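Trainee: Here's a structure for you.
The values are calculated or read from the model by the stated rules, or taken from the named source; none is laboratory data. Values in this document were obtained by computation on a predicted structure and should not be read as measured data. Glycine gets a Cβ as well: all are built from the backbone with ideal geometry, and neighbour counts include every protein chain shown. Surface areas here come from the heavy atoms of the whole protein model, side chains and all, with no ligands, DNA or RNA. Shrake-Rupley method; radii C 1.70, N 1.55, O 1.52, S 1.80 Å.
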Amino acid sequence: MRRIDVLGIGLGVFLAGGLAYLGFQSAGFDSVTAGIWSQVLLVGGLVGWLLTYLFRAVNGDMTFHQQVEDYKTAVLQKRLEELTPEELAKIQAEIDAENEAEKLKAQD
């Protein structure tokens with residue numbers, strides 16, 4: 001996220017709080033009650049955003065995690081493309097041998 005995005009979001013939240021305050025005042029609340037309820041809305045929004053952030057962080061759905069996974073996949077794909085057919089056959093034989101060994105262990 002760029003700095004201008006952060007400043008824009010901060011300004012937007014500030015304006016949303018002011019608009020909520022004015023909305024509550026126009027709905028008939030006195031200034032203290034309107035201030036309290038606009039703060040309740042802002043804090044509720046903050047807590048809601050925090051919960052979604054924590055949910056994404058715990059589940060690994062963050063942009064950084066996805067970028068790392070994409071990079072790892074791209075590196076492995078490039079290495080696979082650079083292998084000769086003989087090397088590919090050798091790796092496939094090793095994988096098959098490991099799978100057979102696992103099957104034999106599972107049967108025991």
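Trainee: Please give the number of the condition Leu54 fails out of (1) open to solvent by 80 Å² or more (accessible area, probe 1.4 Å); (2) over 20 Å from Met1 (Cα atoms).
Mentor: (2)
Trainee: Of all residues in the range 65-87, which are open to solvent by 100 Å² or more (accessible area, probe 1.4 Å) and among the polar types (S, T, N, Q)?
Mentor: If the condition is that a residue be open to solvent by 100 Å² or more (accessible area, probe 1.4 Å) and among the polar types (S, T, N, Q), then Gln66, Gln67 are the ones that fit.
Trainee: Any chance the range 88-102 includes a residue that's open to solvent by 80 Å² or more (accessible area, probe 1.4 Å) and at pLDDT below 85?
Mentor: Residues of the range 88-102 that are open to solvent by 80 Å² or more (accessible area, probe 1.4 Å), as a first pass: 90, 92, 94, 98, 100, 102.
Pick out the ones that are also at pLDDT below 85 and you get none.
Looking through the range 88-102, none of the residues is open to solvent by 80 Å² or more (accessible area, probe 1.4 Å) and at pLDDT below 85.
Trainee: If you scan the range 25-42, which residues turn out to be part of a helix (DSSP H, G or I) and of a type in the set (A, V, I, L, M)? Show your work before the answer.
Mentor: Here is the first cut: in the range 25-42, the ones part of a helix (DSSP H, G or I) are 25-26, 31-42.
Of everything in the range 25-42, those that are part of a helix (DSSP H, G or I) and of a type in the set (A, V, I, L, M) turn out to be Val32, Ala34, Ile36, Val40, Leu41, Leu42.
Trainee: Here's another thing I want to ask about it. Given the condition over 20 Å from the mean Cα position of the chain (by Cα) and charged (D, E, K, R), answer yes or no: does some residue in the range 27-46 qualify?
Mentor: Quick first cut of the range 27-46, residues over 20 Å from the mean Cα position of the chain (by Cα) only: 27-44.
Now drop any that are not charged (D, E, K, R), which leaves 30.
Yes, there is a match, as at least one residue in the range 27-46 is over 20 Å from the mean Cα position of the chain (by Cα) and charged (D, E, K, R).
Trainee: Now for a separate question. Quick check on my filter: what residues within the range 43-86 are on the phi < 0 side of the Ramachandran plot and assigned to a loop (DSSP other than H, G, I, E, B)?
Mentor: So in the range 43-86, the residues on the phi < 0 side of the Ramachandran plot come out as 43-59, 61-86.
Those that are on the phi < 0 side of the Ramachandran plot and assigned to a loop (DSSP other than H, G, I, E, B): Asp61, Met62, Leu83, Thr84.
Trainee: Taking Ser26 as the residue in question, decide whether it is open to solvent by 70 Å² or more (accessible area, probe 1.4 Å), modelled with pLDDT of 90 or more and among the hydroxyl-bearing types (Ser, Thr, Tyr). Explain how you work it out, then say what you get.
Mentor: Working: open to solvent by 70 Å² or more (accessible area, probe 1.4 Å): yes; modelled with pLDDT of 90 or more: yes; among the hydroxyl-bearing types (Ser, Thr, Tyr): yes.
For Ser26, the condition - open to solvent by 70 Å² or more (accessible area, probe 1.4 Å), modelled with pLDDT of 90 or more and among the hydroxyl-bearing types (Ser, Thr, Tyr) - is met.
Trainee: While we're here: Read through the list (1) surrounded by 10 or more Cβ atoms within 10 Å (Cβ to Cβ); (2) part of a helix (DSSP H, G or I); (3) at pLDDT 95 or above, then give the number of the only condition that Gly10 fails.
Mentor: (3)
Trainee: Test Gly35 against the criterion of being over 16 Å from Met1 (Cβ atoms), surrounded by 11 or more Cβ atoms within 10 Å (Cβ to Cβ) and among the small types (Gly, Ala, Ser), and give yes or no.
Mentor: On the way: over 16 Å from Met1 (Cβ atoms): yes; surrounded by 11 or more Cβ atoms within 10 Å (Cβ to Cβ): yes; among the small types (Gly, Ala, Ser): yes.
In short, yes.
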